[in-house]
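The values are calculated or read from the model by the stated rules, or taken from the named source; none is laboratory data. Keep in mind that what you see is a predicted model, and the values were worked out from it rather than measured. Methodologically, a virtual Cβ is constructed for each residue, glycine included, from the backbone with ideal geometry; neighbour enumeration extends over all protein chains shown. Surface accessibility is based on the protein's heavy atoms, side chains included, excluding ligands, DNA and RNA. Shrake-Rupley method; radii C 1.70, N 1.55, O 1.52, S 1.80 Å.
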Amino acid sequence: MSRYDAEQRSVRRVALRTCGSDVNTQAERLFNVIDEDGSQAIVLVPERRCVCSCLLTIPASCACIVQKAGVNLGVWNAGLHCANYLYDVVFVVTKQTTTYNYDIVECPTHDNVMVEVDITLSFTIFNPEAFVYLLGATHFDDLLKALAEEAIRTLVRSIDHTRIYGLRSSAADILLQILNHSFKDFGVKFNSATVTKCKLPADLDEALESASKINSQMQEQIRSQEFEIKKLNDKADLELKELVLREERVEADLVAKKDRMVIEMETKLTEAQRKAERILIKNRQLAESLKVKARASLRDDQTKAQTEAEQALQKANSEVKQTQREIDQWAAEELLQAEAKLAEAEAKAAMLKMEADAEARALEDLRASRAYKMKMATLEALMDLARSGKIIMAGKTGETLVKALAEGSVQWP
């Protein structure tokens, strides 16, 4: 049977093997070889020792479980031990880290695409006694394949084929957690779990590769277009900067021109102010001279006006005195006429009073005569009403009429 270099530390299955009684010289060599079918020993079962043997050598590179007459004595420390033939090494378990490869084929994805998944596991046996007595190498190999395949198939089934390559990064932690949880009671610790390959069907893989190439070409075209757009944008930005610089130069020229015009305007304004001040001084001097002349003319006019006013006042006083004398004479005449008219009016008033007294006395006599005639007319009317005999009376007016018929007089309210 051919063997190949065990430095690869890559196996397809683990197994239990037998070896000679001298485990010190054989164990390490047997643990470091991989058979042609990809199997590697992780547990050795040595032959029984010779009855004349009194020394037992335990290697440091593996764990040796010792029994005495069928009684388990546990794992002995490495080194030379004085022990007769009754002490036997029944199991030798490797302490090295073992790399285990397994291929899961025909795994259906969520969209029913069959894929092939290769995994690589790295484990160490930290409790040899629990591993040997509770599980064993053969059962460990079967259980490991079953759990790994179930976990991978579950993960693959949960995704579609477009995400299958993502298992290389996402499945490792989940698979490692499942395996450590399942084998911790059997003394096995998994150090790493890696999905080394995810293979789709050939036609689908070619189609995806073509799609990937097309996508790459599209991305390249997009980058090319983006580069062209960037060139156009850079050109536009450059033209815009040139235009902005040109506008800034024009604006700077305009600002400079404006500043020059402001300076010229300020100069002209200063000159105009000086000219206005000179004109103002000249006008003030002219005004002062005119004011002096006007004051002299005013004094002359005031003197002349005062003289004329005094003359006019004398004339007016003489005219007022003449008018006062005429008014006094007219008032005396008017007073005499008024006194005469008053005397005449008093005489007329006395006559009118006498006539009024006479008329008042005649009015009293006339009022008594009228009352008598009215009473007689009333009595005649009541007599005529009483003779008729057909009278309908009601209310207060009727009571008044009955009373008048009884008394012979009418008193209306």
Relative contact order for the chain, counting Cα pairs under 8 Å that sit 6 or more residues apart, in percent: 9
Scan [x] 202, 119, 57; [y] 88, 52, 38; [z] 60, 58, 54 for the value of Cα extents along the principal axes in Å calculated from this model and give just the label. [x]
Looking at the chain, which longest stretch skips every one of the trypsin sites (Lys or Arg not before Pro) that is in a DSSP loop with at most 13 other Cβ atoms within 10 Å, leaving the sites themselves out? 49-389
Classify segment 161-267 from the C-alpha gyration tensor, please: rounded if a/c falls under 1.5, else prolate or oblate depending on whether a/b exceeds b/c. oblate
So the FRET efficiency between residue 36 and residue 118, C-beta based with R0 = 22 Å and rounded to 0.05, is 0.65
Output wanted: per-residue J couplings in Hz (rounded whole) for segment 119-124, from phi through Karplus 6.51 cos²θ - 1.76 cosθ + 1.60, θ = phi - 60°, x for Gly and Pro. 10, 10, 10, 10, 9, 9
So what are the ³J(HN,Hα) numbers for segment 244-251, from phi and the Karplus equation (6.51, -1.76, 1.60; θ = phi - 60°), rounded to whole Hz, Gly and Pro as x? 5, 4, 5, 5, 5, 5, 4, 5
Residue by residue, what Karplus-based ³J(HN,Hα) values in Hz, rounded to whole numbers, does segment 57-65 have, using 6.51, -1.76 and 1.60 with θ = phi - 60° and x for Gly and Pro? 9, 9, x, 7, 8, 8, 9, 10, 9
Subtracting the Cα-Cα distance of residue 15 and residue 181 from 0.36 nm times their residue separation yields 57.5 nm
Give the average over all directions of the projected area of the C-alpha convex hull of segment 89-140, one decimal, in nm². 5.0
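For the chain, which longest stretch is free of loop sites, where a loop site is one of the chymotrypsin sites (Phe, Trp or Tyr not before Pro) that DSSP puts outside H, G, I, E and B and that has at most 16 other Cβ atoms within 10 Å?
Excluding the exposed sites themselves, the longest stretch runs over 127-413.
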Need the C-alpha centroid separation for segment 336-368 versus segment 269-334, integer Å. 67
Taking a 1.4 Å probe, which of 323, 94 shows the most accessible area, and what order do the others take after it? 323, 94
On the first, second and third principal axes, largest extent first, how far apart are the outermost C-alpha atoms of segment 246-318 in Å? 99, 22, 5
Filter on 321/341; 145/184; 353/373; 68/184; 235/257 - keep pairs with C-alpha separation over 21 Å: 321/341; 353/373; 68/184; 235/257
Straight-line reach only, C-alpha to C-alpha below 23 angstrom: list the lysines that residue 375 could link to, leaving out same-chain residues fewer than 8 apart. 396, 403
Could you order 125, 174 by accessible surface area, starting with the largest, using a probe radius of 1.4 Å? 174, 125
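Contact order normalised by length for segment 104-249, with contacts defined as Cα pairs under 8 Å and 6 or more residues apart; what percent is it?
Over segment 104-249, the number comes to 32 percent.
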On the accessible surface of the chain, probed at 1.4 Å with all protein chains in place, carbon and sulfur together account for a percent value of 56
Regression test value, accessible area per residue of the chain, probe 1.4 Å, units Å², expected 71
For the pair residue 82 and residue 157, what calculated FRET efficiency results from E = 1/(1 + (r/R0)^6), where r is the Cβ-Cβ distance and R0 = 56 Å, to the nearest 0.05? 0.45
At residue 269 and residue 69, where each label point lies 7 Å from the Cα along Cα→Cβ, what is the point-to-point distance in nanometres? 13.0
Please give the calculated 222 nm ellipticity per residue for the chain, where each DSSP H segment of at least 4 residues contributes -39500 (n - 2.57) and the sum is spread over every residue; nearest 500 deg cm²/dmol? -23000 deg cm²/dmol
Let a ≥ b ≥ c be the square roots of the eigenvalues of the Cα gyration tensor of segment 218-357; is it rounded (a/c under 1.5), or, if not, prolate (a/b larger than b/c) or oblate? oblate
Would you kindly calculate the translational diffusion coefficient of segment 17-94, applying Stokes-Einstein with the Kirkwood radius from alpha carbon pairs, for 25 °C and a viscosity of 0.890 mPa s, and quote it in µm² s⁻¹ without decimals? 194
So the pair-distance distribution of segment 125-205, from every Cα-Cα distance in 5 Å bins, comes to percents of 3, 14, 23, 21, 14, 11, 8, 5, 2, 1
Could you work out the pair-distance distribution P(r) of segment 1-130 from its alpha-carbon pairs, with 5 angstrom bin width and percents rounded to whole numbers? 2, 10, 18, 19, 14, 11, 9, 6, 4, 3, 2, 1, 1, 0
Simple SL model, points at 7 angstrom along Cα→Cβ for residue 212 and residue 307; separation in nm is 13.6
If the chain between residue 344 and residue 321 were fully extended at 0.36 nm per residue, the gain over the current Cα-Cα distance would be 4.8 nm
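Kindly state, to the nearest 0.05, the FRET efficiency for residue 134 paired with residue 172, given R0 = 30 Å and r defined as their beta-carbon distance.
Working: r = 27 Å, r/R0 = 0.90.
Efficiency for this residue pair is about 0.65.
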Just to confirm a number: summing +1 for Lys and Arg and -1 for Asp and Glu over residues other than residue 335 whose beta-carbon lies under 12 angstrom from that of residue 335, what do you get? -3
For the chain, whose charge dipole is built from +1 on Lys and Arg Cβ atoms and -1 on Asp and Glu Cβ atoms, the candidate among 31, 69, 188 with its Cα farthest towards the positive end is 188
Amide H neighbours of residue 76 at under 5 Å, excluding residues fewer than 5 places away on the same chain, with H built from the backbone geometry, are 64, 66
